[in-house]
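Here the structure comes first, spelled out in structure tokens, and everything after it is commentary.
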Amino acid sequence: MKNPFKKIFDMTEKETNTSEQEMEEVLENTPEQGGNDERIAELEKQLEESRNKYLYLFSDFENFKRHSAKERMELIQTAGRDILASLLPILDDFDRAAKNDSLSEGAALIHQKLVQMARLKGLVGIETKVGDDFNADIHEAVAEIPAASDELKGKIVDILEPGYSLGERIIRYAKVVVGK
């Protein structure tokens, strides 16, 4: 990846080096010429400005590196997100078959390994129960039905699909039916 600040750093470094060289020349020639205070002050000002520019650009570059490293870590942590998201329907089918006791022993082992592999990769089920308050941050309301009682208004009546998160990101919201 190219460094976007390299050209700017090179320019600033040249300015700083040039200013320092000029200042050294002036200081060497000062006793012979009887002093040139205005020129020295001007060069010191230019040198200070160049150093400030350099420090500002260096600070920006450090922030850029930190931001890039953070993005890279997030990418590594969620690299398998697409694959895990595509495996969720298969996991759902296994869960439905397990509830109906129609899984053979071999299929149950495959289901167990799939769940274990997903957990090792960071997949976590979002805790959702019937009767919980509806939370739009983690639930997706697929339907609203009239509530049997006032206690069920705004609460989850049924869970159609569980929700999952990978790390701190939700990869599938829990699909629920809400009482109104």
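The values are calculated or read from the model by the stated rules, or taken from the named source; none is laboratory data. Since the structure is predicted, the reported quantities are computational estimates derived from the model, not experimental observations. Glycine also receives a Cβ, built like all others from the backbone with ideal geometry; neighbour counts cover every protein chain displayed.
Quick notes on this one:
- Being under 19 Å from TYR164 (Cβ atoms), hydrophobic (A, V, I, L, M, F, W, C), part of a helix (DSSP H, G or I) and modelled with pLDDT of 90 or more is a property that ILE90 has.
- Each residue in the stretch 146-180 was checked for being of a type outside the set (Gly, Ala, Ser) and closer than 19 Å to LYS121 by Cβ, and 8 pass.
- Residue within the stretch 108-128 that is among the charged types (D, E, K, R), farther than 30 Å from GLU74 by Cβ and free of Cβ contacts under 8 Å to residues at least 40 places away in the same chain present: no
- Qualifying position, being basic (Lys, Arg), loosely packed, with under 12 Cβ neighbours inside 10 Å, at pLDDT below 95 and not assigned by TED's automatic domain parsing to the domain that holds SER165, among ARG72, ARG119, ARG66: ARG72
- Among the residues making up the stretch 34-63, a single one is outside any helix (DSSP H, G or I) and either surrounded by 13 or more Cβ atoms within 10 Å (Cβ to Cβ) or β-branched (Val, Ile, Thr) (or both): ASN36.
- Residue within the stretch 141-149 that is under 29 Å from the mean Cα position of the chain (by Cα) and either at pLDDT 90 or above or not assigned by TED's automatic domain parsing to the domain that holds TYR173 (or both) present: yes
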